[in-house]
Amino acid sequence: MPRFILALDQGTTSSRAILFDHSGAAVAVAQKEFTQYFPKSGWVEHDAEEIWTSQLAVARSVLRKAKVKAADIAAIGITNQRETTVVWNRRTGKPVSRAIVWQDRRTAGICDELRAAKADRTIQKKT
């Protein structure tokens, strides 16, 4: 009978996993940092493949540390890093380019124009 909860936290600078038992106590924890790319001033990018491999590594790590099998997991909770965006190739399943991280400022001018046109109100109502 599955009796553990696996929490996966995909943060801005690292991937984390915490395995909890049925009483809510943390049984195992793992964390792995990944590369931040700053190709231009104000730009922040991540390699989506590196995010995936780091998240997979920490998930496997907590299972190994706790001597737990995947079949023992009753539920998985996932958090992510805000509005970070990855465009995937539908045919290959691979990322088209690096992820644009939520703190990236390359679209600041466009956002300012939308605010000036009061479009932010429309966007907020629709989302």
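The values are calculated or read from the model by the stated rules, or taken from the named source; none is laboratory data. Being a predicted model, the structure only gives us computed values, none of them experimental. Cβ coordinates were reconstructed from backbone atoms using ideal geometry, including for glycine residues, and neighbour counts include every protein chain displayed.
Results for (1) over 20 Å from the mean Cα position of the chain (by Cα); (2) more than 18 Å from GLU83 (Cβ to Cβ); (3) of a type in the set (Val, Ile, Thr); (4) modelled with pLDDT under 95, shown as yes or no for each residue.
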{"site": "MET1", "(1), (2), (3), (4)": "yes, yes, no, yes"}
{"site": "ASP9", "(1), (2), (3), (4)": "no, no, no, no"}
{"site": "ALA28", "(1), (2), (3), (4)": "no, yes, no, no"}
{"site": "LYS32", "(1), (2), (3), (4)": "no, yes, no, no"}
{"site": "LEU56", "(1), (2), (3), (4)": "no, yes, no, no"}
{"site": "SER61", "(1), (2), (3), (4)": "no, yes, no, no"}
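Looking only at residues that are among the basic types (Lys, Arg) and under 18 Å from the mean Cα position of the chain (by Cα) in the range 70-103, which one is modelled with the lowest pLDDT? Selected residue: ARG82. Of the residues examined, ALA59 is not one that is closer than 27 Å to TRP102 by Cβ and in a strand (DSSP E or B). Under the condition of being among the β-branched types (Val, Ile, Thr) and more than 15 Å from ALA66 (Cα to Cα), which residue from the range 1-51 is surrounded by the most Cβ atoms within 10 Å (Cβ to Cβ)? Ranking the qualifying residues of the range 1-51, first place goes to ILE51. A single member of ARG115, ARG91, ARG121, ARG82 is over 26 Å from ARG16 (Cβ atoms) and not in a helix (DSSP H, G or I), and it is ARG91. The C-beta contact set for the range 62-77 (first residue loosely packed, with under 11 Cβ neighbours inside 10 Å, second residue at pLDDT 95 or above, distance under 9 angstrom, 6+ apart or interchain) comprises LYS69/LEU63; ALA75/PHE4; ALA75/ILE5; ALA75/LEU6.
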